[in-house]
Amino acid sequence: MTGRQTIIPFGPQHPVLPEPIHLDLVVEDEHVISAIPSIGYVHRGLESLVDRREYQDFVYLAERICGICSFTHSSTFCQGIEGMMGVEVPKRATYLRTMWGEYSRIHSHLLWLGLFADSLGFESLFYQSWKIRESILNELEATTGGRVIQGVCKVGGVRRDVTNHFLSEMDDRLDGIEDEMKSLTNVFMNDYDVKKRLVGKGKLSKEDAYALGAVGPTARGSGLYIDARSTGYLAYGDIGFKPVAEKGGDGYARCAVRCKELFQSVEIIRRVITDMPEGPVSVSVKGNPEGEYFSRSEQPRGEVIHYIKGNGTKYLTQFRVRTPTLANVPALVSIIGGCDLADVPQIVLTIDPCIGCMER
Amino acid sequence: MNMEITSINVADVESVGVRMKNGGYRLVVITCTPADEGYYITYSFDKEFRLEHYRVTVSDGAAIPSIGKSYGGAFVYENEIHDLYGFTFEGMTLDFKGTFIKTSIPYPFKKKEQPAPTVTIVKEVKE
Amino acid sequence: MKMLKTILNQFFHKPVTTMFPEEPPRNYEGTRGHLVFDPSKCTSCTMCMKRCPSQSIVVDRAAKTWTIDRFRCVMCGNCIDVCRFAALSMEREYSKSATKAERDVEKFDITYVKPEKPKKEE
């Protein structure tokens, strides 16, 4: 050890990162001492458009904050406005929103598994994960009309209905998808090469995770049972929900949490399809929102908070989003200290950075 | 969703942070919103899915003590509020000195004298 | 042995992707492809212009034209929900890529004729 420190930029352009984030790594002889993050490459200022579009049309802007987690943004926004105005959404609409939210979670986790395999160099596993993701996107397109941006939530319910006949066909297709996912997750959990790159790298202890405010699979991989779905919003209160967590705190545990959540989501979708109530799918909303509200829900990456404020006109006054990636950045800074330089891309990917949402 | 908000003074911020940390609460978000006079900064904490909010009223350019000693992860929210609204937090764990979010106008979300037009017309329309 | 089965499978399996220019692309009935306007039903109420989130529709009441900028339209379908006279609808094919020189704003002349109200009997 010579004791001299160099600073290496882990730049906004990197083959491993889906979106740009910059880290300055302070390195001493191939060990990383600390990292300083630097963000702001995709800041679009979406929150300042809120006083120029009516609150009902703002749903279309809210769902375009991020491409991967777009459905949960629009559903959380609608939940916030409905809570503020005291609107009661029909039960069938909440079950449909739960179903689409869980499909959104499956497709996001499969996307992450593919990107992670690509970062290790395992490209054929990348293509297999995204092949399964295509069948999920087909389901989303057949029911909502769009593959990536669904555009199906509105204040007061949902815009489209799904026939019961279609729902039972979807149930049969889910069996085939589940078998393919089993053989895929078998590779991630048990393959020798993948395990060598994951086990013991990027450790985050349970106390650190709670004190730094980590959320989502990053926190659940360290043994914390934190999940916003336990509060029982939408249909989770009727179905009953228990979070999945792993002890271990390293990259392998976080990967295992995401693999197990895939199967948990398939179970939730099956329960929702069998218990789907009849009835209308939307109510008409009159009046304007007034007051303030904190709306919380569980995105694929963690817990998201929307803060909405209105003053009685049809334009809202403030809209603020706190995304899970922003809450995981302090945990990332603490994980990277002490690892080797060659492991940095994998460790950055294990927290699942979604920088487009982070800096709307 | 629990929406009760308790008002506190600027000087009590650190003691609230210590009390919440000892009580086992987790910091969720720090929000800043313009009010009729000055701004409100709201601290939200969560324990077993119940939210608690504490609110401070500040005027333009005020200095607020940071809760970085109790919650190491608070620097993310405090730097963002500093870059967008112009408040200083004293004693942050990681201080970016204004370079966290680089914008072409300094402090873009401050209250402006002339509010922005409510409906933007992007193209010229011949009426 | 499992590897041999995978290799043989790969030789005789049909490709998973669609061979695009020969086969038409797959989409479903409810897919939001592109917007279609019917000039004979529009009464120039300008609700679609007010509620478009990307401001791609411009309605000129005096000159009786309805213009849409295809590059700004995001196919959200808000205008279809808002129009009371069923002048707008959505087709399932995606629009083909183009440059701005090939296909800019499209203008339609509104040909709606207000039906005459029957005279009230005095």
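So A:D161 fits all but one of (1) touching a residue at least 24 places away in the same chain (Cβ under 8 Å); (2) part of a helix (DSSP H, G or I); (3) among the acidic types (D, E); what number is the exception?
Exception for A:D161: condition (2).
Please enumerate the residues belonging to the stretch C:13-41 that are farther than 30 Å from A:S129 by Cβ, touching a strand residue (DSSP E or B) at 6+ places or on another chain (Cβ under 6 Å) and in a loop (DSSP other than H, G, I, E, B).
C:P39
Has the stretch C:47-60 got at least one residue that is in a loop (DSSP other than H, G, I, E, B), more than 13 Å from chain A (Cβ to nearest Cβ) and over 22 Å from A:R64 (Cβ atoms)?
No, the conditions are met nowhere in the stretch C:47-60.
Please go through the stretch B:49-96 and give me each residue that is under 18 Å from A:V333 (Cα atoms), more than 14 Å from the chain's Cα centre (by Cα) and charged (D, E, K, R), ordered by number.
Result: B:K69, B:D95.
Between a first residue in the stretch A:233-245 that is closer than 22 Å to A:C259 by Cβ and a second residue that is aliphatic (A, V, I, L, M) and not in a loop (DSSP other than H, G, I, E, B), which pairs have beta carbons less than 8 Å apart while being 6 or more apart in sequence or on different chains?
Close Cβ pairs satisfying both conditions: A:I239/A:I268; A:I239/A:V272; A:F241/A:I268; A:V244/A:V257; A:A245/A:V257.
So in the stretch B:17-27, with the set limited to residues that are touching a residue at least 12 places away in the same chain (Cβ under 8 Å) and away from chain A (no Cβ under 11 Å), which one is farthest from B:L94 (Cα to Cα)?
The residue in question is B:G23.
Taking strands (runs of 3 or more DSSP E) that fall entirely within the stretch A:1-83, which contain at least 1 residues that are surrounded by fewer than 17 Cβ atoms within 10 Å (Cβ to Cβ) and within 9 Å of another protein chain (Cβ to nearest Cβ)?
Numbers: elements: A:6-10, A:22-28, A:31-38.
Filter on the stretch A:1-83 gives A:31-38.
Among the residues of the stretch C:9-65, count how many are without any contact (Cβ under 8 Å) to a residue 24 or more places away in the chain, of a type in the set (S, T, Y) and at positive phi.
Adding up the residues that qualify gives 1.
Here's the yes/no breakdown for (1) within 11 Å of another protein chain (Cβ to nearest Cβ); (2) farther than 30 Å from A:S230 by Cβ; (3) surrounded by 13 or more Cβ atoms within 10 Å (Cβ to Cβ):
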site	(1), (2), (3)
B:I8	no, no, yes
B:S15	no, yes, yes
B:V29	yes, no, yes
B:T42	yes, no, yes
B:A63	no, yes, no
B:E80	yes, no, yes
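Do you know which residues across the stretch A:193-223 are on the phi < 0 side of the Ramachandran plot, out of contact with any Pro (no Cβ under 9 Å at 6 or more places or on another chain) and not in a helix (DSSP H, G or I)?
A:V199, A:K201, A:K203, A:L204, A:S205, A:G221, A:S222
Scan the stretch C:83-102 and report the pairs whose first residue is at negative phi and whose second residue is at pLDDT below 80 and exposed (fewer than 12 other Cβ atoms within 10 Å of the Cβ), with Cβ atoms within less than 9 Å and a gap of 6+ or a chain change.
Between residues of the stretch C:83-102 that are at negative phi and residues that are at pLDDT below 80 and exposed (fewer than 12 other Cβ atoms within 10 Å of the Cβ), the close pairs are C:E93/C:P24; C:E93/C:P25; C:Y94/C:P25.
The values are calculated or read from the model by the stated rules, or taken from the named source; none is laboratory data. On a predicted model such as this, the values are computed, not experimentally measured, just so you know. Counting neighbours? That spans all protein chains shown, and the Cβs are built from the backbone with ideal geometry, glycine included.
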